[in-house]
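The values are calculated or read from the model by the stated rules, or taken from the named source; none is laboratory data. In this text, all values refer to a predicted model and were calculated from it rather than measured experimentally. Heads up, the Cβs are rebuilt from the backbone with ideal geometry, glycines too, and the neighbour counts pull from every protein chain shown.
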Ligand code: KG4
């Protein structure tokens, strides 16, 4: 089954062609990051306009790359939630038009379910059930993946997402947007114990997280140093910050897998590209005797191949949308919002 999949939930315009879920025939991603970097973060209105300008050409590019014709497409899939509402609407409306013109089913896909599915592409042997952690610019959550389509939320952030926190701290340290990768690079060789930083715990909610206290602590260190005209060891501050994020995330996903009785853990989302978090996950999984699935960096960020992959399993489970499909800025991972 050939699915043309569309992803426009934030600042990547992406179109992919997937076959029977896990085989990727084409995966075209156009990041708008350079444009948003001018403003130090994603400007929603600009993101939407840019999606409009490029989505048609990218869809044609994906079709050409896959070496197929439009008539070969069996279904159109689209990220419809969660994300920037204007950005999502571009993808949803393009997908509706294409599905109607081709007279094929329209499959709505939850963005976070797509991130989890990036692991199915990277690891053909991976099947549910497993515990999953999705850490991206907009989300930080831990989920119980009972089956391809029965996914339950175990915990989430009470405030900032991990990636959002990386981006904000990077900005304070004078690094370019998106700041996750530059901050990761800066932290290399830094002393991760140089700055004592908080690791939040939420009473009674072991899988929930909070990053706002950590963010404020780092911002205060930087501002105090600026006011006193003191030079900061930025390498060690970046390393200490990253260690605090990792210490917040890694034990939680390990505990979730343990409590659920799963021997498999999958991690996804842009922050899963962080070298310290990856290394800590590998070590913790080894110690606990769990198999860890970490997608390659190319599949960690937003892409449409992961949406096409998840769409296949949604389709097998009977999920279809009609022309009333609307975008949703927020939607829990287990909810049906179409
Ligand atoms: O999954 P993604 O591409 O987009 C969303 O769905 O949000 O994640 C983007 C986020 C950004 O916040 C970016 O700074 C962060 O992932 N990121 C990283 C790294 N590479 C990307 N954060 C920490 N370390 C990295 N190496």
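Here are a few things to note about the model shown:
- The condition (being within 16 Å of the ligand (Cβ to nearest atom), more than 24 Å from the chain's Cα centre (by Cα) and buried (at least 21 other Cβ atoms within 10 Å of the Cβ)) is satisfied by just one residue among 294, 237: 237.
- Listing of strands (runs of 3 or more DSSP E) fully contained in the stretch 1-57 that carry 1 or more residues being within 17 Å of residue 106 (Cβ to Cβ) and more than 13 Å from the ligand (Cβ to nearest atom): 2-7, 12-19
- Residue that is farthest from residue 203 (Cα to Cα), among those in the stretch 243-262 that are more than 16 Å from the ligand (Cβ to nearest atom) and without any contact (Cβ under 8 Å) to a residue 60 or more places away in the chain: 261
- Exactly one residue out of 65, 96, 70 is touching a helix residue (DSSP H, G or I) at 6+ places or on another chain (Cβ under 8 Å) and more than 16 Å from the ligand (Cβ to nearest atom), and it is 70.
- Any chance residue 163 is farther than 16 Å from residue 330 by Cβ and within 19 Å of the chain's Cα centre (by Cα): yes
Results for (1) at pLDDT below 95; (2) part of a helix (DSSP H, G or I), shown as yes or no for each residue.
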residue	(1), (2)
230	no, no
247	no, yes
252	no, yes
257	no, yes
283	no, yes
286	no, yes
338	yes, no
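- Within the stretch 290-301, residues that are within 10 Å of residue 123 (Cβ to Cβ) have Cβ atoms under 7 Å from residues that are within 10 Å of the ligand (Cβ to nearest atom) and outside any helix (DSSP H, G or I) in these pairs: 295/268, counting only partners at least 6 apart in sequence or on another chain.
- Residues in the stretch 13-58 that are under 17 Å from the mean Cα position of the chain (by Cα) and closer than 19 Å to residue 98 by Cβ: 13, 14, 15, 16, 27, 28, 29, 30.
- Filtered residue count, the stretch 73-93, keeping only those that are under 20 Å from residue 18 (Cβ atoms), assigned to a helix (DSSP H, G or I) and touching a helix residue (DSSP H, G or I) at 6+ places or on another chain (Cβ under 8 Å): 1
- Qualifying residue in the stretch 122-140 (condition: within 15 Å of the ligand (Cβ to nearest atom), over 23 Å from residue 262 (Cα atoms) and over 16 Å from the mean Cα position of the chain (by Cα)): no
- Close contacts from the stretch 139-159, counting a first residue that is free of Cβ contacts under 8 Å to residues at least 60 places away in the same chain and a second that is part of a strand (DSSP E or B) and surrounded by fewer than 20 Cβ atoms within 10 Å (Cβ to Cβ), with Cβ to Cβ under 9 Å and a gap of 6+ residues or different chains, come to 146/152.
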